[in-house]
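Working notes, beginning with the structure itself.
The values are calculated or read from the model by the stated rules, or taken from the named source; none is laboratory data. The shown structure was predicted, so the numbers you read here are calculated from the model rather than taken from an experiment. Cβ: placed from backbone, ideal geometry, glycine included. Neighbour counts: every protein chain shown.
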Amino acid sequence: MVLPHVVITVTKTGALDVTVDGTDFPPPSEAETWTRSTFGTVLDAITADRTITVRIEVRETDGAVFTDVIRARRRTPPPADAEPSEPASGRGKHTTKPRGPALAEVTADGFVPGEDVAVAVIISHTDATGTGTARALHLDRFRPVLRDGTGEVVLLGRVSGTLHVRRLP
């Protein structure tokens, strides 16, 4: 499998020139410019909101080059003990609406926009937004590993090294 190759070149003005497999990837409108603050938005647009895995290369103005693979997010399969929403016979009187996961937001600042942020005990990863803020939302996934009652999670920026410990709400 050949991954799409994304090259992001930072210009002296701070604008980003973006190509995917050698083809320009312009911002949504001519009036806009990709910048460091829109790095997360660029990645979301290229990866179709993290449904496509890509190989990325960032070329800085000082000649430094950073490479990484931005992985597609894994789909979470339904629990094995989940009840079907409709009886197998298809003749049920009603159907049950699937319940979404219980959500809790855990936030922290200081991350590099678009960087991979580990959520520890590492059961999940999230990405920093274009403003350098990270959110972890899947509370149901945290509960089994937090049975000792501490109710805390760790957010670790893989690029910036930013580290935050947050109590679950």
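If you scan region 1-23, which residues turn out to be not in a loop (DSSP other than H, G, I, E, B) and either not acidic (Asp, Glu) or not assigned by TED's automatic domain parsing to the domain that holds Thr61 (or both)?
Within region 1-23, His5, Val6, Val7, Ile8, Thr9, Val10, Ala15, Leu16, Val18, Thr19, Val20, Thr23 meet the criteria.
Does region 46-58 include one or more residues that are at pLDDT 85 or above, among the polar types (S, T, N, Q) and not in a loop (DSSP other than H, G, I, E, B)?
no
What are the residues in region 114-124 that are crowded, with 18+ Cβ neighbours inside 10 Å and modelled with pLDDT under 65, if any?
The one that is crowded, with 18+ Cβ neighbours inside 10 Å and modelled with pLDDT under 65: Ser124.
Residue-wise test of (1) surrounded by 12 or more Cβ atoms within 10 Å (Cβ to Cβ); (2) under 19 Å from Pro4 (Cβ atoms); (3) of a type in the set (S, T, N, Q).
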site	(1), (2), (3)
Phe25	yes, yes, no
Glu30	no, no, no
Ala48	no, yes, no
Val58	yes, yes, no
Gly63	no, no, no
Arg71	yes, yes, no
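Write out, first by first residue and then by second, each pair whose Cβ atoms fall under 7 Å of each other, whose residues are 6+ apart or on separate chains, and whose first residue, in region 113-130, is in the same structural domain as Arg158 (by TED's automatic domain parsing) and of a type in the set (S, T, N, Q) while the second is at pLDDT 75 or above and not in a loop (DSSP other than H, G, I, E, B).
Correct list of pairs: Thr126/Val117; Thr126/Val119; Thr129/Gly40.
Among the residues of region 24-45, which ones are assigned to a helix (DSSP H, G or I) and either acidic (Asp, Glu) or in the same structural domain as Val159 (by TED's automatic domain parsing) (or both)?
Step one: list which residues in region 24-45 are assigned to a helix (DSSP H, G or I), which gives 36-45.
Residue satisfying the conditions is Asp44 alone.
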